[in-house]
Amino acid sequence: MLELYEKTAIELGELLRTRQVASVEVTRSMLARIEATEEKLHSFVTVTPELALEMAAEADRRISAGTAGPLTGIPIAIKDNMCVKGLRASCASRILANFVAPYDATVVRRIRDAGMVILGTTNMDEFAMGSSTETSYWGPTRNPWHLDMIPGGSSGGSAASVAAGQAVVSLGSDTGGSIRLPASFCSVTGIKPTYGSVSRYGLVAYASSLDQIGPIARDATDLALMLNLLCGHDPMDSTSVPMEHPDFTSFLGKPIKGMTLGLPREFYSHLDDPDVSRVMADARKVFEGLGVSFVELSLPHLDYGIAAYYIIAPSEASSNLARYDGVKYGHRAENFDGMIDMYCRTRAEGFGAEVKRRIMLGTYALSSGYYDAYYLKAAKIRTLITEDFKSAFQTCDAILCPVAPTPPFKIGEKIDDPIQMYLTDVFTIPVNMAGLPGMSIPGGFSSTGLPVGLQLIAPHFAESRLVQLASAFQAETDHHLKRPPL
Amino acid sequence: MEYEAVIGLEVHAQLLTDSKAFCSCTTRFGAEPNSNTCPICQGMPGTLPVLNRKALEYTVRMALACNCTINEISRFARKNYYYPDLPKNYQISQYELPVAEHGWVEIETAEGVRRIGLTRIHMEEDAGKLIHDEDRPVSYVDLNRTGVPLIEIVSEPEIRTPEEAAEYLRALRAILVYLDVCDGNMQEGSFRCDANVSVRPVGQKSLGVKTEVKNMNSFRNVQRALQYEIDRQTEALRNGEPIVQETRLFDPTTGTTASMRSKEQAHDYRYFPDPDLLPLRVDPELVERIGRDLPELPSEKKRRFVEQFGIPPYDAAVLTASRELAAYFERTLELFPKPKAVSNWIMTELMRQLKGEEAGLASCAVKPEQLADLLKLIDAGTISGKIAKAVFEEMCSTGGDPAEIINRKGLVQISDSEALTELVRKVLDDNRGEVEKYLAGKDKLFGFFVGQVMKASKGKANPQLVNDLLVQELRARSRF
Amino acid sequence: MKITDKEVDYVALLGRLHLEPEEKTKYRAQLDDILKYMDKLGEVPTDHVEPMAGTVELYTPMREDVVRPSLSIEEALSNAPARTGTSFRVPKVIE
């Protein structure tokens, strides 16, 4: 018999609606689990037991009144870079360590409207800049499968909390792989939706043209429920696409026979990790068994993705993070000499090393005399990468590839080698560059028991196809059912 | 060697929308500091901009009135610089692809009408306000103005003199005000101007090194600042000193400009497309509709006034300075069709009452109907022009009807020649010495007699009749 | 080196970051490595390629010119590091 905290949203929803359990009980179970495991993991920046129990009680009233939806009463953890009115949104940065959001992000409003229960905010790389959740001002999050390992980043807390049963589902944000990588490293299911599907209003910007909010869950079913909640037009976000999204749950359990998956040559030629190669080969067999055919294809500009990304994202970040200046909110240095020095010292004290590195890189790439060689060049490469995907999807329904070139690595292993750290995202970054939906699903484990995920990439707004593929895969496999030994 | 100046102006005009450019806060002026802000215009983490449709429509209106080409697709860009009144530390503006380009406006110069080319008109957001403490080394930030929509109108470097610059600004302001897209208030900063100035030897094709002059908050100060800067640069060139490309602040108390030597000079704005906004498309149908609905513009109206009413160009320029004033003139003219008389009265008496502010017209107690009535009374000889001025003042303060005021105060003009002949004779009898001198050839004394008669009549005598009678009576006395 | 000490200083000032001397050395070396890695972009011919600023192929939406309530002054200033009256307070700005 599973504990409450081990159950999925769909299972809990059934128990809640049939009044076998109350949301307050579920929430207490989660809070107790957090209490028991948080010291080891450090998934959260802020845990909000009072708010959670209050919301749970309200959810129970809605359930009694018969006005509950499919997610009413389900506990969720929210990445620390999304605004929840009245809660701190620190982005795991000293510069926002005392910032209390005066408004709700659009996704948070949707979560409230659905009657979900907010457990707190999750740890992350500072301003979502990182692949390991080590750059957090609040200290690193540990991988629930192996406490010496990183959980992936930047949404490491969101993935770790779901893997460890601290939250049923969570919200992450993904700019270059920040949902998919930690989902892969923690053996949970996560999706970065198409750019423009989920409102960014209230998501603290890292790189605005690449950032996208998405859910992390135990399986494709919960993910589909969350996509139903999150996707939709928001007039507060000019980049939000006005369109009707399908009922994603209607794609669960649908056969995938006859579909074609693309295998990009360039993704596989990068693979030299035997565990990842084996997991990919195993996954291929599962899909073949489900009647899927494969086609090899080419994404010729894949190799330039990281270089272009590390120009575009820091350029946008250098501008997005300019507002943290100690004038209106956030940290302000105590000792300074005049206005400019106040800015410089406030920001030097408030930002960590990786954030400063990216601000400098982006400032450089946009500065007079370098714009054409860097920003403009990268923006053109982005066009080529996008065109590569467009032609790839002429021959396949979705692309199957790894999430990362290796299983999780050790805490501290790459922290002082920016380029090695950046290369972790080689398979995820191109998806953001093209604005495509990408999903990470548990694919198995390395010889040492570390999670390895698979990535599925679909054309714009074809999230439903990813749900369908993942649901079919998970019906045949049990990787997603395994829980970390905590 | 002779030198000539080359001046280009950058004008910022606040648009008269109700809400801000990218959020729904009010644009109302004068509220308590930071009472008109929201997470978006405060640049709170996570907030995003959504464009105000009215701001675009007003921009297009101005652009069409200035003969610009509207770019169907344009792009918002971020202009990055740190300043405490700019909460995001970047300004949403337009850079490579502005909404409008290649326009012109007409100005009057000594040599006649000239066209000044416009390089571009683009949309952007205003910054907040800084108040500097008099005693302590601190400044205060008020973000109420932050995010108010602005257009920046950039002229070609085609202006040659400070007078032309002022003319150009007047023309732009008149158009903005006519279109109801900006209130044109320079003191409150809803109409602001920066200048790029360089000087070169007459005949030289290439441009000299330019300076940017800021902080000129009136037409007069624009002229003073430009004249100072032109003289300064000319002097420097004559002495073989180089001109430094820099920003200079005008000081209205000394009438001079001085270099801004702070670190903020190191401007490198790092423009790039704003990823929070998609490309801006201006629907050609919208452009057509706005073009169709454009009102008659000041220069067109001026031309028509001269042609249709035969008034001097100067009068026409004054009367068309605002749409309301021009309408006032035309309405009065419908009721009293003597253009020069109406024009004179509006330009002198009415403008004096309004203290030169056309904006006061709406609240002025004297409506065109009453002014026309007054002018009719003068024309009919019921009152003299001088009395009329007093009546007009009374009308302005009480809003009364001219005929009623004249009756009540007993101001009806004396046009009874018998009564006046008596007065004239009395004046001449009382001033025999002067009459003799006059008859001996001192013609100038005629005015003296007129004055004495008017005085004796308490100003109510019909001046024309007094003239006639005096001529008649003096001639009679010369026969003796 | 692709980036000079002077450029590091310039970029740090533009980005308003105070750097200690040892940080400057570290960042210069790291930025240099990263910029060298970026050199590979030069291999790709892009003369006839349009740059891409975002992935949504639509035009920017517009809202109606309607005023909605602002934050209360207290809410607006609730996160202010320093205030006087209802204004944010900063060191004197010299123009």
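Annotations for the structure displayed:
- All of B:Ser322, B:Ser262 fail the test of being surrounded by 12 or more Cβ atoms within 10 Å (Cβ to Cβ), assigned by TED's automatic domain parsing to the domain that holds B:Met62 and at pLDDT below 90, apart from B:Ser262.
- Of the candidates B:Asn34, B:Asn67, the single residue that is at the interface with chain C (Cβ under 10 Å from one of its Cβ atoms) and in a loop (DSSP other than H, G, I, E, B) is B:Asn34.
- Scanning the range B:90-137 for residues that are under 16 Å from B:Val154 (Cα atoms) and among the β-branched types (Val, Ile, Thr) returns B:Val99, B:Val105, B:Ile107, B:Ile116, B:Thr119, B:Ile121.
- Test: B:Ile151 is out of contact with any Lys or Arg (no Cβ under 8 Å at 6 or more places or on another chain), open to solvent by less than 10 Å² (accessible area, probe 1.4 Å) and of a type in the set (A, V, I, L, M): yes
- Matching entry among C:Pro51, C:Pro69, C:Pro45 (being assigned to a loop (DSSP other than H, G, I, E, B), open to solvent by 30 Å² or more (accessible area, probe 1.4 Å), out of contact with any Gly (no Cβ under 7 Å at 6 or more places or on another chain) and within 9 Å of chain A (Cβ to nearest Cβ)): C:Pro51
Residue by residue, here is whether (1) surrounded by 17 or more Cβ atoms within 10 Å (Cβ to Cβ); (2) under 28 Å from B:Gly360 (Cα atoms); (3) more than 41 Å from the chain's Cα centre (by Cα) holds:
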| position | (1), (2), (3) |
| --- | --- |
| B:Ser397 | no, yes, no |
| B:Asn407 | no, no, no |
| B:Val424 | yes, no, yes |
| B:Asp429 | no, no, yes |
| B:Gly433 | no, no, yes |
| B:Leu439 | no, no, yes |
| B:Gly459 | no, no, no |
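- Filter result (open to solvent by less than 10 Å² (accessible area, probe 1.4 Å) and either at the interface with chain C (Cβ under 7 Å from one of its Cβ atoms) or free of Cβ contacts under 8 Å to residues at least 24 places away in the same chain (or both)) within the range A:340-356: A:Met342, A:Tyr343, A:Arg347
- Residue in the range A:270-292 that is within 14 Å of another protein chain (Cβ to nearest Cβ) and not basic (Lys, Arg) present: no
- Test: residue in the range B:72-92 that is within 24 Å of C:Pro51 (Cβ to Cβ), open to solvent by 10 Å² or more (accessible area, probe 1.4 Å) and at the interface with another protein chain (Cβ under 7 Å from one of its Cβ atoms): yes
- Within the range B:124-137, considering residues that are over 12 Å from B:Gly147 (Cβ atoms) and of a type in the set (A, V, I, L, M, F, W, C), the one most open to solvent (accessible area, probe 1.4 Å): B:Ile131
- Selected residue (criterion: farthest from the other protein chains (Cβ to nearest Cβ)) from residues of the range C:1-19 that are of a type outside the set (A, V, I, L, M) and open to solvent by less than 50 Å² (accessible area, probe 1.4 Å): C:Glu7
- The set of residues in the range A:303-318 that are surrounded by 24 or more Cβ atoms within 10 Å (Cβ to Cβ) and either more than 7 Å from every other protein chain (Cβ to nearest Cβ) or closer than 26 Å to C:Lys92 by Cβ (or both) comprises A:Gly305, A:Tyr309, A:Ile312, A:Ala313, A:Pro314, A:Ala317.
- Among the residues making up the range A:443-486, those that are farther than 24 Å from A:Tyr268 by Cα and of a type in the set (Lys, Arg) are A:Lys482, A:Arg483.
- Among (1) assigned to a helix (DSSP H, G or I); (2) of a type outside the set (Lys, Arg); (3) within 28 Å of A:Gly330 (Cα to Cα), the one test that C:Asn79 misses: (1)
- Every pair of residues 6+ apart whose Cβ atoms lie under 6 Å, when the first sits in the range B:97-114 and is assigned by TED's automatic domain parsing to the domain that holds B:Cys68 while the second is open to solvent by 80 Å² or more (accessible area, probe 1.4 Å) and in a strand (DSSP E or B): B:Trp104/B:Arg115; B:Glu106/B:Val113; B:Glu106/B:Arg115
- All told, B:Leu249 meets the bar of being more than 20 Å from B:Val6 (Cβ to Cβ), surrounded by 15 or more Cβ atoms within 10 Å (Cβ to Cβ) and more than 13 Å from chain A (Cβ to nearest Cβ).
- Test for B:Glu188: is it among the acidic types (Asp, Glu), in contact (Cβ under 8 Å) with a residue 12 or more places away in the chain and either surrounded by 21 or more Cβ atoms within 10 Å (Cβ to Cβ) or not assigned by TED's automatic domain parsing to the domain that holds B:Ala165 (or both): no
- Subset of the range A:409-453 that is hydroxyl-bearing (Ser, Thr, Tyr) and surrounded by fewer than 24 Cβ atoms within 10 Å (Cβ to Cβ) - its residue that is nearest to A:Thr189 (Cα to Cα): A:Ser446
- In the range C:20-42, of all residues being buried (at least 16 other Cβ atoms within 10 Å of the Cβ) and within 7 Å of chain A (Cβ to nearest Cβ), the one that is nearest to A:Glu349 (Cα to Cα) corresponds to C:Tyr27.
- Single unsatisfied condition, A:Ile76 versus (1) under 25 Å from A:Pro235 (Cβ atoms); (2) not in a strand (DSSP E or B): (2)
- Pairs are defined by a Cβ separation below 6 Å, a sequence spacing of at least 6 or placement on different chains, a first member in the range A:378-400 that is free of Cβ contacts under 8 Å to residues at least 12 places away in the same chain and away from chain C (no Cβ under 14 Å), and a second member that is surrounded by fewer than 19 Cβ atoms within 10 Å (Cβ to Cβ) and among the small types (Gly, Ala, Ser); no pair meets this definition.
- So A:Glu14, is it without any contact (Cβ under 8 Å) to a residue 24 or more places away in the chain, closer than 20 Å to A:Arg218 by Cα and surrounded by fewer than 17 Cβ atoms within 10 Å (Cβ to Cβ): yes
- Residue within the range B:13-30 that is in a strand (DSSP E or B) and either of a type in the set (Phe, Trp, Tyr) or more than 10 Å from chain C (Cβ to nearest Cβ) (or both) present: yes
- Residue check for B:Val177: within 14 Å of B:Ala5 (Cα to Cα), hydrophobic (A, V, I, L, M, F, W, C) and at pLDDT 90 or above: no
- Within the range A:17-27, if we keep just the residues that are among the hydrophobic types (A, V, I, L, M, F, W, C) and open to solvent by 10 Å² or more (accessible area, probe 1.4 Å), the residue that is nearest to A:Gln166 (Cα to Cα) turns out to be A:Val24.
- Any hit, the range A:214-234, residues being within 14 Å of another protein chain (Cβ to nearest Cβ) and not charged (D, E, K, R): yes
- Close Cβ contacts (under 8 Å, 6 or more residues apart or on different chains) running from residues in the range B:327-352 that are in a loop (DSSP other than H, G, I, E, B) to residues that are of a type in the set (Lys, Arg) comprise B:Phe336/B:Lys376.
The values are calculated or read from the model by the stated rules, or taken from the named source; none is laboratory data. Source: prediction; values computed, not measured. We place every Cβ from the backbone using ideal geometry, glycine too, and count neighbours over all the protein chains shown. Accessible surface is based on the protein model in full, side chains and every heavy atom, while ligands, DNA and RNA are left aside. Shrake-Rupley method; radii C 1.70, N 1.55, O 1.52, S 1.80 Å.
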